[in-house]
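The values are calculated or read from the model by the stated rules, or taken from the named source; none is laboratory data. Everything quoted here is computed from the prediction, not taken from an experiment. Counting neighbours? That spans all protein chains shown, and the Cβs are built from the backbone with ideal geometry, glycine included.
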């Protein structure tokens, strides 16, 4: 189950919010960055897992593409960064 | 017996002699009090014993006692009893706030200046006067670079302006999300609007876009120099101003704050 912070980060990645607890009423919008509606927020809990899987898959694909372009394996990349 | 003036030729009774002996041996008649009390002249040479559940005061005024007079003060109640300077001055090396089963001797240097010899604190030994604590488990998530309250807060009303406050903070379930490699969390302890301590400056920073969880704890000595209600709380923000950081992130971690007033 997603947390309220994860859902807000999915819907309003640009930030500009503070949330206390798990309800839409607990959100404080601190500036004019894009906001979500209460309906979007409440629906977001059911959407988060699919969104996160998609994000993780995209990140993995991007990584694989980059490694292929560089012609090295993931372990070799770790070695370079160590 | 309370202090009195004897006259030439006066014959003392056995009861009077017994009472005098008792006073001379450090005892004396005891006046029990159950509420705040203002000392009167007849208290000279006696024991004033407070027994109240709530906080009380024993007030010392001028022009009632002569130089050399003494009054023993005891507190047997659960409430803190504070020896308070009214129109007279009261000086001490210890504490004027007496917890249960503490006491001391009030000695009048002059009719308007008294010394209080705290039997517990002579020598300046410190003692715990009161303890206040609070906890919270409510998740708070902040995606901004503006400080937000973590929900962890406690208020203490110091008995003495000279007291120090030992603040013990455990901020649990601190987390930075994995939405940004620059994400981090800054956490501080404040008294009112005054920063007492920075507990984490860009804490949890890893330079990698992955979630990190940890807890922060710290113990701090503060001197608020007041007897007014004083609120301590923690605040945090995300210096990256995007993505987010959180406290009590799962809504189940229990953060705690403990305030201990230590008498000077």
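Inside the range B:211-264, can you point out the residues that are more than 13 Å from every other protein chain (Cβ to nearest Cβ) and touching a helix residue (DSSP H, G or I) at 6+ places or on another chain (Cβ under 7 Å)?
Result: no residue meets the conditions.
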(request) Could you identify the single residue in B:151, B:173 that is surrounded by fewer than 22 Cβ atoms within 10 Å (Cβ to Cβ), within 14 Å of chain A (Cβ to nearest Cβ) and closer than 30 Å to residue A:59 by Cα? (result) B:173
(message) Filter the range B:206-239 down to the residues that are touching a residue at least 40 places away in the same chain (Cβ under 8 Å), more than 17 Å from the chain's Cα centre (by Cα) and surrounded by 15 or more Cβ atoms within 10 Å (Cβ to Cβ) and list them by number.
(response) B:216, B:218, B:233, B:234, B:235, B:236, B:237, B:238, B:239
(request) Report whether or not residue A:50 is modelled with pLDDT of 95 or more and loosely packed, with under 10 Cβ neighbours inside 10 Å. (result) no
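Mind listing just one residue for me: the one in the range B:240-264 that is closer than 30 Å to residue B:180 by Cα and assigned to a strand (DSSP E or B) and, of those, nearest to the chain's Cα centre (by Cα)?
B:256
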(message) So in the range B:207-238, with the set limited to residues that are in contact with a strand residue (DSSP E or B) (Cβ under 6 Å, 6 or more places away or on another chain) and part of a loop (DSSP other than H, G, I, E, B), which one is nearest to residue A:18 (Cα to Cα)?
(response) B:238
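So that you can scan it fast, the table gives a plain yes or no per residue for (1) within 14 Å of chain B (Cβ to nearest Cβ); (2) more than 18 Å from residue B:175 (Cα to Cα):
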{"position": "A:31", "(1), (2)": "yes, yes"}
{"position": "A:52", "(1), (2)": "yes, no"}
{"position": "A:61", "(1), (2)": "no, yes"}
{"position": "A:67", "(1), (2)": "no, yes"}
{"position": "A:80", "(1), (2)": "no, yes"}
(request) Take residue B:202 and decide whether it is assigned to a strand (DSSP E or B), on the phi < 0 side of the Ramachandran plot and more than 14 Å from chain A (Cβ to nearest Cβ). (result) no
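Can you confirm whether residue A:24 is more than 12 Å from every other protein chain (Cβ to nearest Cβ), within 24 Å of residue B:241 (Cβ to Cβ) and either in contact with a strand residue (DSSP E or B) (Cβ under 9 Å, 6 or more places away or on another chain) or loosely packed, with under 12 Cβ neighbours inside 10 Å (or both)?
Taking the combined requirement at face value, the residue does not satisfy it.
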(request) Mind telling me which of the residues B:98, B:39 ends up being in contact with a strand residue (DSSP E or B) (Cβ under 7 Å, 6 or more places away or on another chain) and either surrounded by fewer than 20 Cβ atoms within 10 Å (Cβ to Cβ) or over 21 Å from residue B:5 (Cβ atoms) (or both)? (result) B:98
(message) Here's a check for you: in the range B:128-147, which residue that is over 24 Å from residue B:187 (Cα atoms) and surrounded by 17 or more Cβ atoms within 10 Å (Cβ to Cβ) is modelled with the lowest pLDDT?
(response) B:129
(request) Could you list all residues from the range B:243-264 that are farther than 17 Å from residue B:133 by Cα and either modelled with pLDDT of 95 or more or buried (at least 20 other Cβ atoms within 10 Å of the Cβ) (or both)? (result) B:243, B:244, B:245, B:246, B:247, B:248, B:249, B:263
(message) One residue is enough: does the range B:69-77 have a residue meeting the conditions outside the structural domain of residue B:216 (by TED's automatic domain parsing), under 30 Å from residue B:192 (Cβ atoms) and surrounded by 20 or more Cβ atoms within 10 Å (Cβ to Cβ)?
(response) no
(message) Please go through the range A:7-20 and give me each residue that is touching a helix residue (DSSP H, G or I) at 6+ places or on another chain (Cβ under 7 Å), surrounded by fewer than 23 Cβ atoms within 10 Å (Cβ to Cβ) and at the interface with another protein chain (Cβ under 7 Å from one of its Cβ atoms), ordered by number.
(response) A:20
